[in-house]
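FYI, it's all coordinate maths here, none of it is from the lab. Values in this document were obtained by computation on a predicted structure and should not be read as measured data. No Cβ is skipped: glycine too gets one built from the backbone with ideal geometry, and neighbour counts run over all protein chains shown.
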Amino acid sequence: QWYQRRVQEFQTFQHYFKQINLRMLGGSAAQIPLTKPDVVFVLGPPGAGKGTQCTKIVEKYGYTHLSAGDLLRAERASGSADGDLIQSHIVGGTIVPVSITVKLLANAMKKVPGGKFLIDGFPRNEDNVTGWEEQMKDKVNLKFILFYECEEEECLRRALSRGQGRADDNVESFRNRIQTYLSSTMPIVNRYKGEGLLRTINGADSPENVFIATQKCFELDNREL
């Protein structure tokens with residue numbers, strides 16, 4: 001957390017320094033567009049270890065981690081008008097309306113101007129993709145999608161052993177989430193695979209070995225640049 005805050009502060013400083021230079025040169029932010037923020041989507045079944053790997057990526061590569069699920073849970077806890085709707089979807093293992101999720105992601109990204117972002121647990125269905133592209137496609141640079149594969153029973157074991165007290169960490173909710181994942185998210189995974197954007201990793205391995213494979217995805221992207 002400390003390292004991520006320092007990275008965010010540095011990225012924010014870079015953004016405002018750029019604005020100062022533009023004004024000194026007689027320009028403006030409106031006249032000279034800023035570089036689009038980089039985005040990496042992180043997908044996989046519940047319990048595949050996405051959050052663990054995102055923490056490691058943040059530490060090594062300086063990304064800002066945005067968990068769609070965490071943002072939704074925070075919005076629910078804030079007393080928002082959308083709180084009850086979000087709660088019903090979380091407990092039921094279904095997908096929150098895209099307008100809510102994209103709004104929360106966009107607001108979080110605005111807090112780190114010029115940053116680079118890992119977006120964990122999004123998009124989860126075709127409607128998510130459509131809503132994201134309508135609102136954000138021209139505003140970000142989607143680099144690639146990290147996809148962590150993991151068998152259902154191993155994911156269930158991990159989810160039940162997390163001990164986080166989450167409303168959706170029980171067998172019934174987990175089974176619902178898996179069915180939603182298979183029916184709604186896997187078509188998205190296959191779509192990105194067809195577009196050449198998917199980076200597939202065996203999430204059932206140890207966290208250390210999974211991160212070795214994850215690093216290779218980022219190194220491949222850097223070589224392509």
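The table that follows gives values for the structure above.
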{"quantity": "Long-range neighbours under 7 Å by Cβ, at least six apart or interchain, first residue touching a residue at least 40 places away in the same chain (Cβ under 8 Å) and surrounded by 21 or more Cβ atoms within 10 Å (Cβ to Cβ) within the range 111-132, second in a loop (DSSP other than H, G, I, E, B) and of a type in the set (D, E, K, R)", "calculated": "none"}
{"quantity": "Hits in the range 174-222 - residues which are surrounded by 14 or more Cβ atoms within 10 Å (Cβ to Cβ), within 14 Å of residue 46 (Cα to Cα), over 19 Å from the mean Cα position of the chain (by Cα) and of a type outside the set (A, V, I, L, M, F, W, C)", "calculated": "176"}
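Let's see how each residue does on (1) in contact with an Asp or Glu (Cβ under 7 Å, 6 or more places away or on another chain); (2) crowded, with 22+ Cβ neighbours inside 10 Å; (3) not in a helix (DSSP H, G or I):
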residue	(1), (2), (3)
41	no, yes, yes
47	no, yes, yes
52	no, no, no
56	no, no, no
59	no, no, no
69	no, no, no
73	no, no, no
76	no, no, no
79	no, no, yes
